[in-house]
1. Is the range 32-50 home to any residue that is touching a helix residue (DSSP H, G or I) at 6+ places or on another chain (Cβ under 7 Å) and among the hydroxyl-bearing types (Ser, Thr, Tyr)?
2. Return the residues of the range 167-176 that are open to solvent by 60 Å² or more (accessible area, probe 1.4 Å) and in contact (Cβ under 8 Å) with a residue 60 or more places away in the chain; say none if nothing qualifies.
3. Out of all the residues in the range 107-126, which are touching an Asp or Glu at 6+ places or on another chain (Cβ under 8 Å) and open to solvent by 10 Å² or more (accessible area, probe 1.4 Å)?
4. Just name the residue that is least open to solvent (accessible area, probe 1.4 Å) out of those in the range 81-106 that are without any contact (Cβ under 8 Å) to a residue 60 or more places away in the chain and of a type in the set (Gly, Ala, Ser).
5. From the list Phe3, Phe8, Phe44, exactly one residue is under 15 Å from the mean Cα position of the chain (by Cα) and either surrounded by fewer than 18 Cβ atoms within 10 Å (Cβ to Cβ) or within 24 Å of Phe122 (Cβ to Cβ) (or both). Which is it?
6. Being surrounded by fewer than 15 Cβ atoms within 10 Å (Cβ to Cβ), over 16 Å from the mean Cα position of the chain (by Cα) and not acidic (Asp, Glu) is the filter here, so list the residues in the range 127-166 that pass it.
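The values are calculated or read from the model by the stated rules, or taken from the named source; none is laboratory data. All values reported here derive from a predicted model rather than from experimental measurement. Positions of Cβ are generated from backbone atoms using ideal geometry, with glycine treated the same way; all protein chains shown enter the neighbour counts. Keep in mind that these areas ignore ligands, DNA and RNA; they rest on the heavy atoms of the full protein, side chains included. Shrake-Rupley method; radii C 1.70, N 1.55, O 1.52, S 1.80 Å.
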Amino acid sequence: MGFIKNFFRKRSLRRHASRVPTGILPLERIHSAVAVIDVQDPFFDACKESILSFYREYDIKGSIFFMDFRKIGNEERLITSIQTTITRKDVNWYGKPSRYKMNVLAEMAPDLFISLFNNPDFALEYMAKTCKAKFKIGRRQMGDKLFDMVITDPADKTLSQWEGFIAIRRFLERIR
């Protein structure tokens, strides 16, 4: 099953990969952005608020996509927007996000794509690779040097996604 799944993943990435050239952009040239965060991270709320504050401070039309692969019981509700939350039901058998969710991302037409996942899965790789953003940042490099900038954890510590975003923000503020 692994061989077949990988075959479909690679084929899908080849077919739908963005052809937009990417590279590091200074903050004043970033007008729109999308960040992808994990709902299960303990610092989820702090991270979300920091990202939204960053967008407001730099007048960036920004959005946040949420990955929520938890099993949600009948009594539980999503704590994020249904339009920008990718759940288990929103990915197909080999991990590709639904066309609807990908259309929502495409309509945003971001200049900047930020992945705050330390252990990304195929759904995130697909989103990052097909997104037409001109500048892509991640915390772990993925196939074919997908990200233009990678902020890794220090050797002695594992950062939360909130701490990772703070580090990304510091670097973005230094780029001229």
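1. Yes.
2. Residues of the range 167-176 open to solvent by 60 Å² or more (accessible area, probe 1.4 Å): 170-171, 174, 176.
Passing the criteria: only Arg176.
3. Selection gives Phe117, Asn118.
4. Selected residue: Ser98.
5. Values: Phe3 fails: under 15 Å from the mean Cα position of the chain (by Cα); Phe8 fails: under 15 Å from the mean Cα position of the chain (by Cα).
Going through Phe3, Phe8, Phe44 in turn, the sole match is Phe44.
6. Hits for the range 127-166 are Pro154, Ala155, Lys157, Thr158.
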